[in-house]
Structures are given as C-alpha cells and as structure tokens.
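Values quoted throughout were computed directly from the atomic coordinates according to the rules given, and no laboratory measurement underlies them. Since the model is a prediction, treat every value here as computed from it, not as a measurement. Counting neighbours? That spans all protein chains shown, and the Cβs are built from the backbone with ideal geometry, glycine included.
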Ligand code: NAI
Ligand code: MG
C-alpha cells in the first residue's frame, strides 16, 4: 500500500542545519527504496533571518507548520550573535507552548558501553526514559528585573504549575510505562526546598499512581538523583520531572551513555497529535561548520518521527541501523565518540545498514 506523509523541517542554526541535512538523506533513501513516502518542506528560520527581520516566528506562521502536517523535524537553535537567545525562545519555546507540546520524551540507552565515561559494568544495559513537563515551570517567562530591597538590582523568574499540566505529564509517563512493559516510574523534584510546587506534584503523582498499581513508584530529590544517575544508571527506569529538572536530567543522562551527539527527543501533544522531533543537543557553535557534528541524535530523532507517522517499520529499521553502527568496532566515528570521521561519513555508514528489503 502506498502511504504519503508530510513533514516540516526546521534546521535552525549551527550544527542543527548540518545534522538535519543528514536526516534528510535518510528520508530520501527510504523514499526511493519503498512506497512509504515522506514529503518535506523547509521552514528556514534561523539567526540570520532574525537579525535581518527582527522576528523569527509570527503567530500567523504557526498554521502553516501544522495544517496538513504530520510532524516536524527540528535541528537546533542558538547563535553567539544573539547572546540572550531571544530568537531561540521565540522559535522553539513558542512552538512548544503555542502547540501545547507538553510531553518532552527523552529516551537514553547505553547502546554500547564504549562511549560512556563510566566503567562498563556500571552502564551496560542502562535504559532510562525521561518525561519532562514541557510547557510550564520556570519556562513561562513570568518574572522581571526589579530594584531589590537592599538597593541593588534583583531579578526573578517564577515557576508556575497547574494540576492540569502536572496531571497530564504524570499520566503520560505511567501510560507509556504500561504500554512498554516498564516496571517503575520515579518522580524527581526538590520538594524539600521548593515546597509549594513540590507538594502539588507529589500529591498528584500519588493520586494518579493509584490507577497504575502494578507499576512501582519512587519520589526523589533531584540532587541525590543526579548522583544516582551517574553511579547507578541501570537502576533508573522511567522518570517524570519538571521542565527545568527534566532538561538537566536529559543532558546528564546523555553524558552517562556517550554524550549529546547520540540522544534524541520528541515534543508531543498526544491529544492533537502534533509533534516535533529534535536531538537533545543545541547548535554547538564550537564545532559548527567543521563537518564533524555527530548526526546520530538527529537520526534517532528521525526514527521517533517515523514511529509517530505510523511508519514504525522504518522507525525500527533506522534505530536498528544506528544501534548496529554504534556497536560496530570497525565503524568510523565522529570526534565526540573518539574517532576522526566526518558527519556525512557516519550517515553513509548508517544508510548502508538500513534494511530496505
Ligand atoms: P550544545 O548542546 O550545543 O553543545 C554542548 C557541547 O556538546 C559542545 O561542546 C558541542 O560541541 C557538543 N555537541 C553537541 N551536539 C553535538 C553533536 N551532535 N556532535 C558532537 N558534539 C556535539 O549546548 P551549548 O553549547 O550549551 O549551547 C549552544 C547553543 O545551542 C546555545 O545558543 C544554546 O542556547 C542552544 N541550545 C539549543 C537547544 C535546542 O535548540 N533545542 C538545546 C540546547 C542548547
Ligand atoms: Mg537541554
């Protein structure tokens, strides 16, 4: 049966453009090898566009990113010429909030022991999944710069959570755990110091967990949990956390299994079905333009996008090819994984491993 899908591609800045370009090679390869065609259109908004036009995303643009669109593939946004990242917030945070992409899904697997800074027996088999609340918390831009009571300048950013937003991300974590045969869901917070939000999350977590009584639960403070993620990552299963803590845990977990070059993510609204897929990493200005960015995180993100498009056959095949590439001692790796290969060499090797039968 012929299937056609339409996606939007937003490469963004720096290595966002480079790794997304590699993902497009994989889409093209599958388009040419099968009847499952993914059509794509570019939405080329980046730092250059912002510097020229003074904006990056208008409310009126959003319709074109969603009408008749089955998914969005994103690279990364961030440019040293715009140090306060206002264009990044206007693009990515605005998309997450206006499209209400409240689930930030970050799977972190130790596909091979070779890339972890930890001893092999500590990391082997680690398979953590983080559900980060993606629309509220400290990211709502509620706050300001004021005159402080001591006469100096002061600044505040207020974290905000409603039971509605907390409930839906907790429920999503449990439902995913059930659907994927997972054993345990941990809530990670700082409820001993950030008490109001902490109590809200813990109360809702306990209430919702009763509906899933065969799933074990834990409530943990972020500081000790970070320590555990490094010392015993294999003990971590499914995690649900706030916008800020989920972000930090995602990068920490990436570091544990081999770095930002290999971990994907999805931003999803399960009700509307709108979803945006992106590597966890940023635009990496330190290596941008050198042709050495690792495309693996973007290719795993592409696999999640194929799953979302209900072309999970390809999601599985891309994932299997990337896994095999990472596990093959003889394959050529980019410098972040200790090799000397360039970005496109990696994609070439991975494409040769994708089963197109
Ligand atoms: P980053 O993730 O861009 O880079 C951190 C370090 O990891 C750098 O040394 C970089 O070279 C390395 N790295 C990241 N991805 C890599 C890859 N695929 N292959 C090889 N090495 C890789 O984080 P950083 O430096 O904090 O931020 C840079 C810019 O990106 C900033 O403007 C930041 O605001 C933005 N950013 C954007 C994100 C997004 O678009 N979702 C997420 C995180 C940061
Ligand atoms: Mg991050």
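Quick check of the Kirkwood formula: for region 1-63, what is the inverse mean of 1/r over all pairs of different Cα atoms, in Å?
Kirkwood radius, region 1-63: 13.4 Å.
How do the peptides 189-199, 75-85, 129-139 rank, highest first, by the average count of neighbouring beta carbon atoms within 10 Å per residue?
Taking the mean over residues of other Cβ atoms within 10 Å, the ranking is 129-139, 75-85, 189-199.
Hey, any idea what Rg/Rh is for region 40-90, computing Rh the Kirkwood way over Cα pairs?
Rg/Rh: 0.98.
Report Rg/Rh for region 156-268, rounded to two decimals, where Rg is the Cα radius of gyration and Rh the Kirkwood radius.
Numbers: Rg = 13.9 Å, Rh = 14.7 Å.
Rg/Rh: 0.95.
Using only alpha-carbon positions, what ratio does the radius of gyration of region 22-114 give when scaled by 2.2 N^0.38 Å?
Scaled against compact globular proteins, the figure is 1.32.
With the Cα gyration tensor of the chain in hand, give its eigenvalues times 5 under a square root as the equivalent ellipsoid semi-axes, listed largest first in whole angstrom.
Details: eigenvalues 188, 132, 91 Å².
Its equivalent ellipsoid spans semi-axes of 31, 26, 21 Å.
Once you order the gyration tensor axes a ≥ b ≥ c over the Cα atoms, which shape class does region 72-152 get: rounded for a/c under 1.5, otherwise prolate or oblate by comparing a/b with b/c?
Prolate shape, in that a/c is at least 1.5 and a/b is the bigger ratio.
Rounded, prolate or oblate, given the Cα gyration tensor of region 240-357, with a/c below 1.5 counting as rounded? Before the final figure, lay out the partial values.
On the way: a/c = 1.95, a/b = 1.16, b/c = 1.68.
Cα axes put region 240-357 in the oblate bin.
May I ask you to derive the relative contact order of the chain, considering only C-alpha pairs under 8 Å and at least 6 residues apart, and to give it as an integer percent?
Numbers: 725 pairs, mean separation 76.7, N = 357.
This gives 21 percent for the chain.
Mind telling me which of 149, 256, 69 comes out most flexible in a GNM of the chain, alpha-carbon contacts under 10 Å?
Highest fluctuation of the listed residues: 149.
Take residue 35, project a point 7 Å from its Cα along the Cβ direction, then tell me which residues of region 274-318 have their backbone nitrogen under 18 Å from it.
Of the residues in region 274-318, 310-315 have backbone N under 18 Å from the label point off residue 35.
Between region 25-78 and region 139-215, how far is it from one alpha carbon centroid to the other, in angstrom?
31
Pick from 311, 51, 326: which residue has the top mean-square fluctuation in a GNM of the chain where Cα pairs under 10 Å get a spring?
Result: 51 has the largest fluctuation of those listed.
Compare 110, 147, 179 in a GNM of the chain, Cα atoms joined below 10 Å, and give the one with the largest fluctuation.
The residue with the greatest mean-square fluctuation here is 147.
Evaluate E = 1/(1 + (r/R0)^6) for residue 224 and residue 312, where r is the Cβ-Cβ distance and R0 equals 45 Å; express this FRET efficiency to the nearest 0.05. Don't jump to the answer; show the numbers that get you there.
Values: r = 37 Å, r/R0 = 0.81.
Computed FRET efficiency for residue 224 and residue 312 comes out at 0.75.
How large is the translational diffusion coefficient of region 137-188 in µm² per second when you combine the Kirkwood radius over alpha carbon pairs with Stokes-Einstein at 25 °C and 0.890 mPa s? Spell out each step's value before the answer.
Numbers: Rh = 14.0 Å.
Translational D for this selection: 175 µm²/s.
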